[in-house]
Amino acid sequence: MNKRQYTPKERMAIQRCKMVEQDAAARAGNFKEVNQGLAEAVAIEEANRCIQCKNKPCIAGCPVAVRIPDFLAKVAEGDFAGAAAILQADNALPATTGRVCPQEKQCEEVCIRGKGGKGQPVAIGWLERYVADWGMAHASAPVPPATRTKYKVAIVGSGPGGLTAAGELARIGHNVTVFEALHAAGGVLRYGIPEFRLPKRIVDREVANLEALGVKIECNVVVGKTITIDQITSEFDACFIANGAGVPEFLRVPGENLKGVYSANEYLTRINLMCAYDPQPGRTPILRAQTTVVFGGGNTAMDGVRTSKRMGSSRAILAYRRSRAEMPARAEEVKHAEEEGIEFMFLVAPLAILGDDKGWVRGVRLQKMELGPPDASGRRRPVPIPGSEFELECQVAIVAVGTKANPLLTATCPQLKLNKWGNIEVDANQMTSIPGVFAGGDIVRGGATVILAMGDGKRAAAAIDAYLKTK
Ligand SMILES: Cc1cc2nc3c(=O)[nH]c(=O)nc-3n(C[C@H](O)[C@H](O)[C@H](O)COP(=O)(O)OP(=O)(O)OC[C@H]3O[C@@H](n4cnc5c(N)ncnc54)[C@H](O)[C@@H]3O)c2cc1C
(Lines give C-alpha, C1' and ligand atoms only; values in the text may rest on other atoms or scores of the structure.)
Protein backbone atom coordinates (compact mmCIF):
# COMPACT_ATOMS: atom_id res chain seq x y z
CA MET A 1 0.00 0.00 0.00
CA ASN A 2 1.20 3.49 -0.83
CA LYS A 3 0.90 5.68 2.24
CA ARG A 4 1.91 8.94 0.58
CA GLN A 5 -0.67 11.61 1.30
CA TYR A 6 -0.92 14.46 -1.18
CA THR A 7 -2.17 17.89 -0.19
CA PRO A 8 -4.84 19.31 -2.54
CA LYS A 9 -2.21 21.68 -3.94
CA GLU A 10 0.22 18.82 -4.61
CA ARG A 11 -2.50 16.82 -6.35
CA MET A 12 -3.28 19.74 -8.65
CA ALA A 13 0.41 20.10 -9.50
CA ILE A 14 0.83 16.52 -10.80
CA GLN A 15 1.05 16.50 -14.59
CA ARG A 16 -0.90 13.89 -16.59
CA CYS A 17 1.28 10.83 -17.17
CA LYS A 18 2.57 9.68 -20.55
CA MET A 19 1.90 6.24 -22.02
CA VAL A 20 4.98 4.20 -22.92
CA GLU A 21 4.68 3.35 -26.61
CA GLN A 22 6.54 1.03 -28.93
CA ASP A 23 8.89 3.00 -31.22
CA ALA A 24 6.84 4.27 -34.19
CA ALA A 25 9.20 3.11 -36.95
CA ALA A 26 9.57 -0.36 -35.41
CA ARG A 27 5.87 -0.88 -34.70
CA ALA A 28 4.85 0.11 -38.26
CA GLY A 29 6.43 -3.21 -39.24
CA ASN A 30 5.01 -5.49 -36.53
CA PHE A 31 1.68 -6.42 -34.95
CA LYS A 32 2.79 -6.06 -31.30
CA GLU A 33 0.76 -3.76 -29.10
CA VAL A 34 1.56 -0.06 -29.55
CA ASN A 35 0.82 1.03 -25.97
CA GLN A 36 3.06 -0.69 -23.49
CA GLY A 37 1.21 0.28 -20.29
CA LEU A 38 2.03 2.33 -17.20
CA ALA A 39 4.57 1.51 -14.49
CA GLU A 40 3.15 0.95 -11.00
CA ALA A 41 4.51 4.20 -9.53
CA VAL A 42 3.20 6.16 -12.53
CA ALA A 43 -0.27 4.62 -12.16
CA ILE A 44 -0.38 5.51 -8.45
CA GLU A 45 0.70 9.06 -9.11
CA GLU A 46 -1.80 9.47 -11.97
CA ALA A 47 -4.65 8.16 -9.79
CA ASN A 48 -3.70 10.77 -7.21
CA ARG A 49 -4.60 13.45 -9.76
CA CYS A 50 -8.26 12.57 -9.15
CA ILE A 51 -9.59 15.08 -6.64
CA GLN A 52 -12.62 12.91 -5.74
CA CYS A 53 -14.93 15.75 -6.76
CA LYS A 54 -18.44 15.92 -5.36
CA ASN A 55 -20.52 15.40 -8.52
CA LYS A 56 -18.43 12.58 -10.06
CA PRO A 57 -19.36 13.42 -13.69
CA CYS A 58 -17.06 10.64 -14.95
CA ILE A 59 -19.53 7.98 -13.74
CA ALA A 60 -22.36 9.51 -15.76
CA GLY A 61 -19.92 9.86 -18.68
CA CYS A 62 -19.40 6.10 -18.72
CA PRO A 63 -22.15 4.10 -20.48
CA VAL A 64 -21.66 1.21 -18.02
CA ALA A 65 -21.40 3.57 -15.01
CA VAL A 66 -18.07 2.28 -13.66
CA ARG A 67 -17.47 3.70 -10.17
CA ILE A 68 -14.42 5.52 -11.49
CA PRO A 69 -13.54 7.67 -8.44
CA ASP A 70 -13.76 4.59 -6.19
CA PHE A 71 -11.39 2.48 -8.25
CA LEU A 72 -9.05 5.45 -8.70
CA ALA A 73 -8.98 5.95 -4.91
CA LYS A 74 -7.88 2.32 -4.52
CA VAL A 75 -5.15 2.76 -7.14
CA ALA A 76 -4.02 5.95 -5.42
CA GLU A 77 -3.52 3.89 -2.23
CA GLY A 78 -1.72 1.14 -4.16
CA ASP A 79 -4.58 -1.28 -3.44
CA PHE A 80 -4.80 -2.84 -6.92
CA ALA A 81 -6.81 -5.86 -5.77
CA GLY A 82 -9.43 -3.50 -4.35
CA ALA A 83 -9.43 -1.48 -7.58
CA ALA A 84 -9.74 -4.65 -9.71
CA ALA A 85 -12.69 -5.88 -7.63
CA ILE A 86 -14.59 -2.62 -8.27
CA LEU A 87 -13.79 -2.63 -11.99
CA GLN A 88 -14.72 -6.28 -12.48
CA ALA A 89 -18.01 -5.77 -10.68
CA ASP A 90 -18.99 -2.84 -12.92
CA ASN A 91 -17.45 -3.75 -16.28
CA ALA A 92 -17.36 -7.22 -17.86
CA LEU A 93 -14.48 -6.33 -20.23
CA PRO A 94 -12.25 -3.75 -18.49
CA ALA A 95 -8.98 -4.69 -20.21
CA THR A 96 -10.75 -4.16 -23.53
CA THR A 97 -12.47 -0.87 -22.77
CA GLY A 98 -9.27 0.44 -21.17
CA ARG A 99 -7.72 -0.01 -24.62
CA VAL A 100 -10.43 0.85 -27.14
CA CYS A 101 -12.97 3.21 -25.55
CA PRO A 102 -13.08 6.74 -26.96
CA GLN A 103 -12.39 8.07 -23.44
CA GLU A 104 -11.78 11.58 -24.73
CA LYS A 105 -15.49 11.72 -25.66
CA GLN A 106 -16.76 10.00 -22.49
CA CYS A 107 -15.39 9.81 -18.93
CA GLU A 108 -12.31 11.93 -19.63
CA GLU A 109 -14.27 14.58 -21.51
CA VAL A 110 -16.24 15.44 -18.38
CA CYS A 111 -13.37 15.00 -15.88
CA ILE A 112 -13.11 18.14 -13.81
CA ARG A 113 -9.30 18.07 -14.10
CA GLY A 114 -9.68 18.64 -17.84
CA LYS A 115 -11.75 21.78 -17.47
CA GLY A 116 -10.54 25.35 -17.53
CA GLY A 117 -8.57 25.61 -20.73
CA LYS A 118 -5.18 24.18 -19.92
CA GLY A 119 -6.34 21.28 -17.76
CA GLN A 120 -5.72 17.66 -18.64
CA PRO A 121 -8.23 15.03 -17.51
CA VAL A 122 -7.14 12.11 -15.34
CA ALA A 123 -5.97 9.29 -17.64
CA ILE A 124 -8.95 7.12 -16.68
CA GLY A 125 -8.65 4.80 -19.68
CA TRP A 126 -4.98 4.06 -19.13
CA LEU A 127 -5.65 3.43 -15.41
CA GLU A 128 -8.53 1.13 -16.25
CA ARG A 129 -6.20 -0.81 -18.52
CA TYR A 130 -3.53 -0.88 -15.78
CA VAL A 131 -5.92 -2.28 -13.17
CA ALA A 132 -7.52 -4.79 -15.54
CA ASP A 133 -4.09 -6.07 -16.62
CA TRP A 134 -3.03 -6.25 -12.97
CA GLY A 135 -6.13 -8.33 -12.28
CA MET A 136 -5.27 -10.72 -15.11
CA ALA A 137 -1.63 -11.02 -14.03
CA HIS A 138 -2.68 -11.76 -10.44
CA ALA A 139 -5.40 -14.22 -11.45
CA SER A 140 -8.04 -12.02 -9.93
CA ALA A 141 -10.99 -13.61 -11.76
CA PRO A 142 -14.63 -12.84 -11.01
CA VAL A 143 -16.19 -15.20 -8.46
CA PRO A 144 -19.10 -17.39 -9.70
CA PRO A 145 -22.33 -17.31 -7.71
CA ALA A 146 -22.77 -19.96 -5.01
CA THR A 147 -26.13 -21.10 -6.39
CA ARG A 148 -27.82 -21.12 -9.79
CA THR A 149 -31.38 -20.20 -10.69
CA LYS A 150 -33.65 -22.44 -12.78
CA TYR A 151 -33.69 -19.95 -15.68
CA LYS A 152 -31.96 -20.40 -19.02
CA VAL A 153 -30.98 -17.37 -21.11
CA ALA A 154 -29.70 -17.49 -24.69
CA ILE A 155 -27.43 -14.79 -26.08
CA VAL A 156 -26.97 -14.39 -29.83
CA GLY A 157 -23.51 -13.07 -30.67
CA SER A 158 -20.35 -12.94 -28.59
CA GLY A 159 -19.31 -9.34 -29.23
CA PRO A 160 -19.04 -6.85 -26.36
CA GLY A 161 -22.85 -6.51 -26.11
CA GLY A 162 -23.47 -10.24 -25.86
CA LEU A 163 -20.52 -10.92 -23.57
CA THR A 164 -21.54 -8.15 -21.16
CA ALA A 165 -25.12 -9.39 -20.90
CA ALA A 166 -23.80 -12.93 -20.46
CA GLY A 167 -21.48 -11.90 -17.62
CA GLU A 168 -24.14 -9.88 -15.80
CA LEU A 169 -26.71 -12.69 -16.02
CA ALA A 170 -24.23 -15.41 -15.02
CA ARG A 171 -23.16 -13.34 -12.02
CA ILE A 172 -26.78 -13.34 -10.83
CA GLY A 173 -26.84 -17.13 -11.22
CA HIS A 174 -28.82 -17.59 -14.43
CA ASN A 175 -27.76 -20.33 -16.85
CA VAL A 176 -26.37 -18.55 -19.89
CA THR A 177 -25.54 -19.95 -23.33
CA VAL A 178 -23.95 -17.72 -25.99
CA PHE A 179 -24.43 -18.74 -29.63
CA GLU A 180 -21.71 -17.40 -31.92
CA ALA A 181 -21.63 -17.77 -35.70
CA LEU A 182 -17.83 -17.66 -36.03
CA HIS A 183 -15.36 -20.22 -34.72
CA ALA A 184 -14.03 -17.90 -31.98
CA ALA A 185 -15.74 -15.59 -29.48
CA GLY A 186 -15.31 -11.82 -29.23
CA GLY A 187 -17.14 -10.28 -32.20
CA VAL A 188 -15.37 -7.20 -33.54
CA LEU A 189 -12.90 -7.44 -30.65
CA ARG A 190 -11.70 -10.68 -32.25
CA TYR A 191 -12.05 -10.20 -36.00
CA GLY A 192 -12.02 -6.41 -36.43
CA ILE A 193 -9.75 -4.60 -33.98
CA PRO A 194 -6.13 -5.52 -34.73
CA GLU A 195 -3.62 -7.14 -32.40
CA PHE A 196 -1.55 -3.94 -32.18
CA ARG A 197 -4.49 -2.22 -30.43
CA LEU A 198 -6.14 -5.11 -28.63
CA PRO A 199 -4.03 -8.27 -28.28
CA LYS A 200 -6.08 -11.43 -28.70
CA ARG A 201 -4.68 -12.80 -25.41
CA ILE A 202 -6.71 -10.03 -23.73
CA VAL A 203 -9.91 -11.08 -25.52
CA ASP A 204 -9.12 -14.72 -24.60
CA ARG A 205 -8.76 -13.79 -20.94
CA GLU A 206 -11.91 -11.68 -20.86
CA VAL A 207 -13.84 -14.59 -22.42
CA ALA A 208 -12.21 -17.06 -19.98
CA ASN A 209 -13.32 -14.84 -17.06
CA LEU A 210 -16.91 -15.13 -18.29
CA GLU A 211 -16.58 -18.89 -18.68
CA ALA A 212 -15.28 -19.01 -15.11
CA LEU A 213 -18.56 -17.37 -14.11
CA GLY A 214 -20.39 -20.28 -15.76
CA VAL A 215 -21.17 -18.81 -19.20
CA LYS A 216 -21.36 -21.50 -21.93
CA ILE A 217 -20.17 -20.41 -25.37
CA GLU A 218 -21.23 -22.41 -28.44
CA CYS A 219 -19.32 -21.32 -31.55
CA ASN A 220 -20.17 -22.16 -35.18
CA VAL A 221 -23.90 -21.66 -34.54
CA VAL A 222 -25.52 -19.26 -37.02
CA VAL A 223 -28.82 -18.21 -35.49
CA GLY A 224 -31.29 -17.99 -38.36
CA LYS A 225 -29.65 -20.98 -40.08
CA THR A 226 -28.38 -23.54 -37.55
CA ILE A 227 -31.20 -22.69 -35.13
CA THR A 228 -33.96 -20.10 -35.23
CA ILE A 229 -35.18 -17.54 -32.72
CA ASP A 230 -38.41 -19.57 -32.46
CA GLN A 231 -36.40 -22.63 -31.38
CA ILE A 232 -34.47 -20.50 -28.90
CA THR A 233 -37.62 -19.04 -27.35
CA SER A 234 -39.10 -22.49 -26.92
CA GLU A 235 -35.96 -23.84 -25.22
CA PHE A 236 -34.87 -20.78 -23.20
CA ASP A 237 -36.68 -18.47 -20.76
CA ALA A 238 -35.29 -15.29 -22.35
CA CYS A 239 -32.99 -14.24 -25.17
CA PHE A 240 -30.68 -11.29 -25.90
CA ILE A 241 -29.81 -10.62 -29.54
CA ALA A 242 -26.48 -8.85 -30.05
CA ASN A 243 -25.43 -9.98 -33.49
CA GLY A 244 -23.84 -6.67 -34.46
CA ALA A 245 -24.04 -4.85 -37.77
CA GLY A 246 -21.53 -6.77 -39.82
CA VAL A 247 -22.57 -6.06 -43.41
CA PRO A 248 -20.22 -3.52 -45.01
CA GLU A 249 -21.46 -0.47 -46.88
CA PHE A 250 -19.78 0.16 -50.23
CA LEU A 251 -18.90 3.30 -52.14
CA ARG A 252 -21.24 2.63 -55.08
CA VAL A 253 -18.68 3.87 -57.60
CA PRO A 254 -17.53 2.12 -60.80
CA GLY A 255 -14.77 -0.45 -60.32
CA GLU A 256 -15.77 -1.77 -56.88
CA ASN A 257 -15.76 -5.35 -58.19
CA LEU A 258 -12.15 -5.21 -59.37
CA LYS A 259 -9.59 -7.60 -57.90
CA GLY A 260 -7.83 -5.73 -55.11
CA VAL A 261 -10.89 -4.05 -53.60
CA TYR A 262 -11.72 -5.20 -50.07
CA SER A 263 -14.28 -4.15 -47.54
CA ALA A 264 -12.42 -3.31 -44.33
CA ASN A 265 -14.40 -6.10 -42.64
CA GLU A 266 -13.09 -8.69 -45.05
CA TYR A 267 -9.52 -7.33 -45.01
CA LEU A 268 -9.34 -7.20 -41.21
CA THR A 269 -11.12 -10.53 -40.71
CA ARG A 270 -8.69 -12.29 -43.04
CA ILE A 271 -5.78 -10.86 -41.07
CA ASN A 272 -7.02 -10.85 -37.46
CA LEU A 273 -9.23 -13.94 -37.33
CA MET A 274 -7.77 -16.02 -40.12
CA CYS A 275 -4.08 -15.16 -39.61
CA ALA A 276 -3.40 -13.96 -43.18
CA TYR A 277 -0.36 -12.06 -41.84
CA ASP A 278 1.31 -15.46 -41.46
CA PRO A 279 2.99 -16.23 -44.81
CA GLN A 280 3.01 -20.03 -44.22
CA PRO A 281 1.49 -22.03 -47.08
CA GLY A 282 -2.13 -22.97 -46.41
CA ARG A 283 -2.93 -19.76 -44.56
CA THR A 284 -5.70 -17.44 -45.73
CA PRO A 285 -4.42 -15.46 -48.73
CA ILE A 286 -4.26 -11.66 -48.76
CA LEU A 287 -2.96 -9.15 -51.29
CA ARG A 288 0.15 -7.26 -50.23
CA ALA A 289 0.32 -3.97 -52.14
CA GLN A 290 3.00 -1.36 -52.56
CA THR A 291 0.32 1.33 -52.23
CA THR A 292 -2.96 0.85 -50.39
CA VAL A 293 -5.73 3.46 -50.27
CA VAL A 294 -8.34 3.20 -47.51
CA PHE A 295 -11.62 5.15 -47.72
CA GLY A 296 -13.19 6.35 -44.46
CA GLY A 297 -12.38 8.30 -41.31
CA GLY A 298 -13.47 6.10 -38.41
CA ASN A 299 -11.75 3.48 -36.27
CA THR A 300 -12.30 0.82 -38.93
CA ALA A 301 -10.57 2.91 -41.60
CA MET A 302 -7.73 3.66 -39.22
CA ASP A 303 -7.32 -0.03 -38.40
CA GLY A 304 -7.37 -0.90 -42.11
CA VAL A 305 -4.74 1.61 -43.12
CA ARG A 306 -2.41 0.89 -40.18
CA THR A 307 -2.76 -2.83 -40.86
CA SER A 308 -1.89 -2.36 -44.55
CA LYS A 309 1.30 -0.56 -43.50
CA ARG A 310 2.20 -3.52 -41.30
CA MET A 311 1.41 -5.86 -44.20
CA GLY A 312 4.17 -4.16 -46.20
CA SER A 313 2.62 -1.22 -48.08
CA SER A 314 5.28 1.45 -48.47
CA ARG A 315 2.48 3.99 -49.03
CA ALA A 316 -0.60 3.49 -46.84
CA ILE A 317 -3.02 6.31 -47.56
CA LEU A 318 -6.22 7.23 -45.76
CA ALA A 319 -8.64 9.17 -48.02
CA TYR A 320 -11.42 10.96 -46.12
CA ARG A 321 -14.06 13.21 -47.63
CA ARG A 322 -14.24 15.60 -44.69
CA SER A 323 -11.42 17.28 -42.74
CA ARG A 324 -9.45 16.04 -39.77
CA ALA A 325 -11.78 17.80 -37.31
CA GLU A 326 -14.75 15.66 -38.42
CA MET A 327 -12.93 12.30 -38.21
CA PRO A 328 -14.85 9.96 -35.89
CA ALA A 329 -11.76 7.83 -35.10
CA ARG A 330 -10.30 7.80 -31.58
CA ALA A 331 -7.82 10.66 -31.14
CA GLU A 332 -5.08 8.28 -29.97
CA GLU A 333 -5.38 6.16 -33.14
CA VAL A 334 -5.01 9.23 -35.35
CA LYS A 335 -1.88 10.29 -33.43
CA HIS A 336 -0.42 6.79 -33.64
CA ALA A 337 -1.19 6.52 -37.36
CA GLU A 338 0.55 9.81 -38.10
CA GLU A 339 3.62 8.72 -36.16
CA GLU A 340 3.70 5.46 -38.14
CA GLY A 341 3.86 7.29 -41.47
CA ILE A 342 0.27 6.86 -42.60
CA GLU A 343 -0.53 9.48 -45.25
CA PHE A 344 -3.76 11.38 -44.69
CA MET A 345 -5.61 12.87 -47.65
CA PHE A 346 -8.45 15.00 -46.33
CA LEU A 347 -11.34 16.47 -48.32
CA VAL A 348 -11.23 13.92 -51.16
CA ALA A 349 -14.00 11.58 -52.31
CA PRO A 350 -13.74 8.56 -54.62
CA LEU A 351 -15.26 8.78 -58.09
CA ALA A 352 -14.07 5.40 -59.40
CA ILE A 353 -11.69 2.51 -58.77
CA LEU A 354 -9.53 2.07 -61.86
CA GLY A 355 -8.54 -1.32 -63.26
CA ASP A 356 -5.97 -2.71 -65.68
CA ASP A 357 -6.84 -4.93 -68.62
CA LYS A 358 -6.71 -8.03 -66.39
CA GLY A 359 -9.22 -6.70 -63.89
CA TRP A 360 -6.76 -5.74 -61.13
CA VAL A 361 -6.87 -2.41 -59.32
CA ARG A 362 -4.34 0.07 -60.73
CA GLY A 363 -5.55 3.24 -59.00
CA VAL A 364 -8.42 5.39 -57.87
CA ARG A 365 -9.98 8.55 -59.29
CA LEU A 366 -10.66 11.15 -56.61
CA GLN A 367 -12.30 14.52 -56.42
CA LYS A 368 -11.40 17.33 -54.04
CA MET A 369 -14.09 18.53 -51.66
CA GLU A 370 -14.76 21.59 -49.53
CA LEU A 371 -16.88 21.82 -46.42
CA GLY A 372 -20.39 23.24 -46.66
CA PRO A 373 -23.03 23.70 -43.93
CA PRO A 374 -23.63 20.89 -41.39
CA ASP A 375 -25.69 17.87 -42.52
CA ALA A 376 -28.04 15.64 -40.46
CA SER A 377 -25.03 14.18 -38.56
CA GLY A 378 -24.14 17.69 -37.34
CA ARG A 379 -20.85 17.55 -39.23
CA ARG A 380 -20.07 19.93 -42.09
CA ARG A 381 -21.15 18.42 -45.39
CA PRO A 382 -18.44 17.74 -47.98
CA VAL A 383 -19.19 19.52 -51.27
CA PRO A 384 -17.37 18.52 -54.52
CA ILE A 385 -15.11 21.12 -56.15
CA PRO A 386 -15.82 21.03 -59.92
CA GLY A 387 -12.80 20.30 -62.12
CA SER A 388 -10.66 19.03 -59.21
CA GLU A 389 -10.60 15.33 -60.22
CA PHE A 390 -7.26 13.51 -60.10
CA GLU A 391 -5.90 9.96 -60.14
CA LEU A 392 -3.83 8.17 -57.53
CA GLU A 393 -1.94 4.96 -58.25
CA CYS A 394 -2.57 2.00 -55.90
CA GLN A 395 -2.94 -1.76 -56.08
CA VAL A 396 -5.33 -2.29 -53.17
CA ALA A 397 -8.36 -0.19 -52.19
CA ILE A 398 -10.10 -0.81 -48.86
CA VAL A 399 -13.61 0.49 -48.22
CA ALA A 400 -14.34 1.46 -44.61
CA VAL A 401 -17.37 3.72 -44.84
CA GLY A 402 -19.65 1.99 -42.35
CA THR A 403 -21.64 -1.18 -41.81
CA LYS A 404 -25.30 -2.10 -41.59
CA ALA A 405 -27.49 -4.81 -40.07
CA ASN A 406 -27.22 -8.33 -41.47
CA PRO A 407 -30.74 -9.51 -42.41
CA LEU A 408 -29.82 -13.20 -42.03
CA LEU A 409 -31.30 -13.56 -38.55
CA THR A 410 -34.12 -11.03 -38.74
CA ALA A 411 -35.40 -12.42 -42.07
CA THR A 412 -36.18 -15.71 -40.32
CA CYS A 413 -38.09 -14.02 -37.51
CA PRO A 414 -40.77 -11.74 -39.04
CA GLN A 415 -42.30 -11.02 -35.61
CA LEU A 416 -39.23 -8.87 -34.78
CA LYS A 417 -40.04 -5.23 -35.47
CA LEU A 418 -37.28 -3.48 -37.44
CA ASN A 419 -36.67 0.15 -38.36
CA LYS A 420 -36.16 1.30 -41.96
CA TRP A 421 -32.45 0.39 -41.86
CA GLY A 422 -33.15 -3.16 -40.70
CA ASN A 423 -32.07 -2.53 -37.09
CA ILE A 424 -34.12 -4.19 -34.35
CA GLU A 425 -36.46 -1.84 -32.48
CA VAL A 426 -36.39 -2.02 -28.67
CA ASP A 427 -38.07 -0.26 -25.75
CA ALA A 428 -36.26 1.53 -22.90
CA ASN A 429 -35.48 -1.89 -21.34
CA GLN A 430 -34.01 -3.26 -24.60
CA MET A 431 -37.08 -5.51 -25.08
CA THR A 432 -38.02 -6.18 -28.72
CA SER A 433 -41.52 -6.65 -30.14
CA ILE A 434 -41.33 -10.28 -28.92
CA PRO A 435 -41.88 -10.63 -25.14
CA GLY A 436 -38.78 -12.11 -23.50
CA VAL A 437 -36.56 -11.33 -26.49
CA PHE A 438 -34.22 -8.40 -25.92
CA ALA A 439 -31.63 -6.82 -28.22
CA GLY A 440 -28.76 -4.35 -28.05
CA GLY A 441 -25.46 -3.19 -29.47
CA ASP A 442 -24.89 -2.46 -33.15
CA ILE A 443 -27.93 -4.48 -34.32
CA VAL A 444 -30.07 -1.88 -32.55
CA ARG A 445 -27.91 1.24 -32.88
CA GLY A 446 -26.19 0.69 -36.23
CA GLY A 447 -22.36 0.84 -36.08
CA ALA A 448 -21.57 2.42 -32.68
CA THR A 449 -18.98 1.69 -29.99
CA VAL A 450 -17.84 -1.12 -27.73
CA ILE A 451 -18.93 0.60 -24.55
CA LEU A 452 -22.39 1.53 -25.91
CA ALA A 453 -22.94 -2.13 -26.85
CA MET A 454 -21.79 -3.07 -23.34
CA GLY A 455 -24.17 -0.50 -21.82
CA ASP A 456 -27.03 -2.10 -23.76
CA GLY A 457 -25.91 -5.54 -22.58
CA LYS A 458 -25.86 -4.41 -18.97
CA ARG A 459 -29.29 -2.73 -19.20
CA ALA A 460 -30.76 -5.75 -20.99
CA ALA A 461 -29.37 -8.12 -18.34
CA ALA A 462 -31.09 -6.14 -15.57
CA ALA A 463 -34.34 -6.12 -17.58
CA ILE A 464 -34.07 -9.86 -18.33
CA ASP A 465 -33.54 -10.58 -14.64
CA ALA A 466 -36.64 -8.54 -13.79
CA TYR A 467 -38.60 -10.27 -16.58
CA LEU A 468 -37.59 -13.73 -15.34
CA LYS A 469 -38.83 -12.88 -11.86
CA THR A 470 -42.31 -12.27 -13.34
CA LYS A 471 -42.41 -15.72 -14.97
C1 LIG B 1 -12.45 -2.55 -37.28
C2 LIG B 1 -13.29 -1.94 -36.20
C3 LIG B 1 -12.68 -1.19 -35.22
C4 LIG B 1 -13.42 -0.64 -34.20
N5 LIG B 1 -12.79 0.08 -33.22
C6 LIG B 1 -13.49 0.53 -32.16
C7 LIG B 1 -12.84 1.20 -31.09
O8 LIG B 1 -11.64 1.43 -31.10
N9 LIG B 1 -13.58 1.60 -30.03
C10 LIG B 1 -14.93 1.38 -29.99
O11 LIG B 1 -15.54 1.71 -28.98
N12 LIG B 1 -15.58 0.76 -31.00
C13 LIG B 1 -14.90 0.33 -32.08
N14 LIG B 1 -15.55 -0.30 -33.11
C15 LIG B 1 -17.02 -0.50 -33.01
C16 LIG B 1 -17.33 -1.64 -32.05
O17 LIG B 1 -16.41 -2.68 -32.22
C18 LIG B 1 -18.76 -2.14 -32.21
O19 LIG B 1 -19.62 -1.03 -31.99
C20 LIG B 1 -19.06 -3.24 -31.20
O21 LIG B 1 -18.20 -4.33 -31.38
C22 LIG B 1 -20.51 -3.69 -31.31
O23 LIG B 1 -20.70 -4.76 -30.43
P24 LIG B 1 -21.87 -5.83 -30.64
O25 LIG B 1 -21.76 -6.75 -29.48
O26 LIG B 1 -23.13 -5.14 -30.89
O27 LIG B 1 -21.50 -6.58 -31.99
P28 LIG B 1 -20.21 -7.27 -32.60
O29 LIG B 1 -18.96 -6.90 -31.92
O30 LIG B 1 -20.31 -7.02 -34.06
O31 LIG B 1 -20.47 -8.81 -32.33
C32 LIG B 1 -21.54 -9.48 -32.95
C33 LIG B 1 -21.25 -10.97 -32.92
O34 LIG B 1 -22.41 -11.67 -33.35
C35 LIG B 1 -22.03 -12.71 -34.23
N36 LIG B 1 -23.17 -12.99 -35.10
C37 LIG B 1 -23.64 -12.26 -36.15
N38 LIG B 1 -24.73 -12.85 -36.67
C39 LIG B 1 -24.93 -13.98 -35.96
C40 LIG B 1 -25.90 -15.01 -36.04
N41 LIG B 1 -26.86 -14.98 -36.96
N42 LIG B 1 -25.81 -16.03 -35.17
C43 LIG B 1 -24.84 -16.07 -34.22
N44 LIG B 1 -23.90 -15.11 -34.10
C45 LIG B 1 -23.96 -14.07 -34.95
C46 LIG B 1 -20.86 -12.12 -34.98
O47 LIG B 1 -20.06 -13.14 -35.57
C48 LIG B 1 -20.13 -11.38 -33.87
O49 LIG B 1 -19.23 -12.21 -33.19
C50 LIG B 1 -14.83 -0.84 -34.17
C51 LIG B 1 -15.46 -1.57 -35.17
C52 LIG B 1 -14.70 -2.13 -36.18
C53 LIG B 1 -15.39 -2.94 -37.25
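More than 16 Å from the ligand (Cβ to nearest atom), crowded, with 24+ Cβ neighbours inside 10 Å and in a loop (DSSP other than H, G, I, E, B): is that true of Val143 in this structure? Walk me through how you get there before you give the answer.
Numbers: more than 16 Å from the ligand (Cβ to nearest atom): yes; crowded, with 24+ Cβ neighbours inside 10 Å: no; in a loop (DSSP other than H, G, I, E, B): yes.
So Val143 does not fit the description; no.
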- Look through region 402-449, keep the residues that are within 10 Å of the ligand (Cβ to nearest atom) and among the polar types (S, T, N, Q), and return whichever of them is nearest to Ile227 (Cα to Cα). Thr412
- Item | Single residue of region 269-293 satisfying the filter (of a type in the set (A, V, I, L, M, F, W, C) and in contact with a Ser or Thr (Cβ under 7 Å, 6 or more places away or on another chain)) that is farthest from the ligand (Cβ to nearest atom) | Ala289
- Message: Quick check on region 244-252. Is at least one of its residues part of a loop (DSSP other than H, G, I, E, B), touching a Pro at 6+ places or on another chain (Cβ under 6 Å) and either crowded, with 19+ Cβ neighbours inside 10 Å or modelled with pLDDT of 95 or more (or both)?
- Response: yes
- When you scan region 207-224, how many residues do you find that are within 23 Å of Ser433 (Cα to Cα) and touching a Ser or Thr at 6+ places or on another chain (Cβ under 8 Å)? 1
- Message: I need the full set of residues from region 312-339 which are of a type outside the set (A, V, I, L, M, F, W, C) and away from the ligand (no atom under 16 Å from the Cβ), in order please.
- Response: Gly312, Ser313, Ser314, Arg315, Arg321, Arg322, Ser323, Arg324, Glu326, Glu338, Glu339
- Message: I need the strands (runs of 3 or more DSSP E) fully contained in region 351-455, keeping only those with at least 2 residues that are free of Cβ contacts under 8 Å to residues at least 24 places away in the same chain and under 21 Å from Ala319 (Cα atoms).
- Response: 361-374, 380-384
- Those helices (runs of 4 or more DSSP H) lying entirely in region 36-91 with at least 3 residues outside the structural domain of Ala13 (by TED's automatic domain parsing): none
- Among the residues of region 207-231 satisfying the criterion of being assigned to a helix (DSSP H, G or I) and buried (at least 22 other Cβ atoms within 10 Å of the Cβ), which is farthest from the ligand (Cβ to nearest atom)? Asn209
- Message: If Thr164 meets every condition in (1) β-branched (Val, Ile, Thr); (2) assigned to a helix (DSSP H, G or I); (3) closer than 23 Å to Tyr277 by Cβ apart from one, which number is that one?
- Response: (3)
- Message: Criterion first (on the phi < 0 side of the Ramachandran plot, modelled with pLDDT of 95 or more, assigned to a helix (DSSP H, G or I) and not assigned by TED's automatic domain parsing to the domain that holds Arg362) does Thr269 satisfy it?
- Response: no
- Restricting attention to region 154-168, and to residues there that are within 6 Å of the ligand (Cβ to nearest atom) and under 16 Å from the mean Cα position of the chain (by Cα), which single residue is farthest from Thr97 (Cα to Cα)? Gly157
- Message: I'd like to know if region 1-15 contains one or more residues that are among the small types (Gly, Ala, Ser) and modelled with pLDDT under 95.
- Response: yes
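The values are calculated or read from the model by the stated rules, or taken from the named source; none is laboratory data. All values reported here derive from a predicted model rather than from experimental measurement. Note that each Cβ is placed from the backbone with ideal geometry, even for glycine, and that neighbours are counted across all protein chains shown.
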